[in-house]
Each structure stands twice: as C-alpha cells, then as structure tokens.
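In what follows, a single structure is set out as structure tokens and then discussed.
Just so it is clear, none of the values below were taken in a lab; they were calculated from the coordinates. Computed from a predicted structure; not experimentally measured. Glycine also receives a Cβ, built like all others from the backbone with ideal geometry; neighbour counts cover every protein chain displayed.
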Amino acid sequence: MAEAILLKDKRWSLSGMTALVTGATRGIGHAIVEELAEFGAVVHICSRNQADIDRCLTEWKSKGFSVTGSVCDVLSRHQRENLMETVSSIFHGKLNILINNAATVIAKESTDYTAEDVSTIMQTNFESTYHSSQLAHPLLKASGYGAIVNISSLAGLKAFPNVSVYAASKGAINQVTKNLALEWAKDNIRVNAIAPGAVMTLLLEACMV
Ligand SMILES: NC(=O)c1ccc[n+]([C@@H]2O[C@H](COP(=O)([O-])OP(=O)(O)OC[C@H]3O[C@@H](n4cnc5c(N)ncnc54)[C@H](OP(=O)(O)O)[C@@H]3O)[C@@H](O)[C@H]2O)c1
C-alpha cells in the first residue's frame, strides 16, 4: 500500500496547490479531501456543523494532512461570500482548486414539490455552484493555474423517479460547467463536472423514499 501511494505521488503531485471543498465532513466530499491532501494539496472545507468540522480536522491532522475548515451553509449567499473571504485570507488571495460538492435532495413526486422545496434545492445545488465559482474566479485566476470541479450526478443526465428538482439542479450544473469552461479558459481556469452514479451516503438514503 505504502509503495502504491509513493508511486502515485511520483506520477502526480498537488504539492503547493490550494483547494476548497464544500460539504466535506462526510460522503464524497470527505473522500475528495483525503485524495487531494494525500497528493500534497492544502485544503479548506466547509459544512453546516462546526462539531463535524472539528472532528474531521482532528482526524486529518493525525494523518498529517493540512486541512482547515469553517462553517458555511451554501444555501446562503452571504455565507458563501464569507467563506470565500476566509479562503482568500488563508490562501493569500489565490486558490488552485474549487470543488463544488455540497448538495441537498428532497425526494418527492413532482406533483408534491412546494415553492420552498424548489428554492432550497436550486439555491443549495445550482446557485451555490454558480455563485461560488463567480466568487472564486479572481482567486483562481490569480493562482495562474485554476480548476473548478462541479460534483454533478447521473440524475442530471438520466431520469430517475422522485428527484425531478434535484435532477434539474444537476442538469443546470452540467450546462453551466461548459459555459464557464468556455469563458474562463483564457484565464487558465479549467472547469469540469463529474457525474457519479449511486454512492452509499446519507444523501442517497434521502433519495430512497
Ligand atoms: N451519493 C450519491 O449516490 C451521489 C450520486 C451522484 C452525485 N452525488 C453528489 O455528490 C455530492 C456529495 O454527496 P454525498 O452523497 O457525499 O452527500 P452526503 O454524504 O450527504 O454529504 C454531504 C456533505 O455536504 C454537507 N452539506 C449538506 N448541505 C450543505 C449546505 N447547505 N451547506 C454546506 N454543506 C452542506 C454535509 O454536511 P452538513 O449536513 O453537516 O452541512 C456533508 O458534509 C453532492 O453534490 C451529490 O449531489 C452523490
């Protein structure tokens, strides 16, 4: 195992790189942080729960990873702005990697969604991805080598039952990923999306109604 990690490190390193991963105290975001940190990146995370952040930071410190964290509900425009100010301050105005991972799902028949459900899902998933990318743009550009990875979903490409609004939020992310990639290539910022299938996490459990 140690040999495999050493080999990975020789082929690919993120040493000297900085990253922000939203929604990283469990699930896919947590795994992304470990992967980035294992390759040498310095990482900042957020979630809505300070106790969970503290627990993760202690765990990562014991593994020798360089990770900081702060509370941010990505639903809130104001909290996103605060998060990016914190990141700018910690990383001296530069950021190499933004992982827009935090998301929520409310599983219902399409006839049952309320206006509030739709706003919550679209703001948490789509608007936060778009706005956080806007906020990060000057930091990514200043780094000279920026990358955004939007965590989309297979549900944004294919139809599954009871997740129509979540699916729409991910479909919107897929499209805007292409627009931002086109517009920001000139700033040396790559923008990509990953669309995972089913991964056994709390979010997936919430889909199973
Ligand atoms: N699991 C799957 O099968 C699957 C499939 C395709 C795509 N995805 C995508 O993968 C990403 C991660 O999902 P996951 O399955 O790993 O979910 P998860 O296990 O529920 O983890 C979500 C993480 O995001 C945080 N979070 C949730 N809402 C937040 C908010 N409003 N503001 C800030 N942080 C928030 C959670 O912490 P707190 O709740 O404490 O804030 C937690 O750290 C999402 O974009 C999801 O759509 C998942």
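What to note about this one:
- Check on SER132, assigned to a helix (DSSP H, G or I), closer than 20 Å to ILE97 by Cβ and small (Gly, Ala, Ser): yes
- Evaluated against (1) more than 8 Å from the ligand (Cβ to nearest atom); (2) in a helix (DSSP H, G or I), PRO161 falls short on exactly one condition, (2).
- Residue within the stretch 189-200 that is more than 19 Å from ARG26 (Cβ to Cβ), among the charged types (D, E, K, R), part of a helix (DSSP H, G or I) and in contact (Cβ under 8 Å) with a residue 12 or more places away in the chain present: no
- Extreme residue, nearest to the chain's Cα centre (by Cα), among residues of the stretch 44-79 that are more than 9 Å from the ligand (Cβ to nearest atom) and within 20 Å of GLN123 (Cβ to Cβ): SER70
- Exclusive hit being within 14 Å of the ligand (Cβ to nearest atom), of a type in the set (Gly, Ala, Ser) and loosely packed, with under 15 Cβ neighbours inside 10 Å, set ALA193, ALA185, ALA172, ALA198: ALA198
- Residue satisfying all of: in the stretch 147-158; in a strand (DSSP E or B) and crowded, with 23+ Cβ neighbours inside 10 Å; nearest to the ligand (Cβ to nearest atom) among these: ILE151
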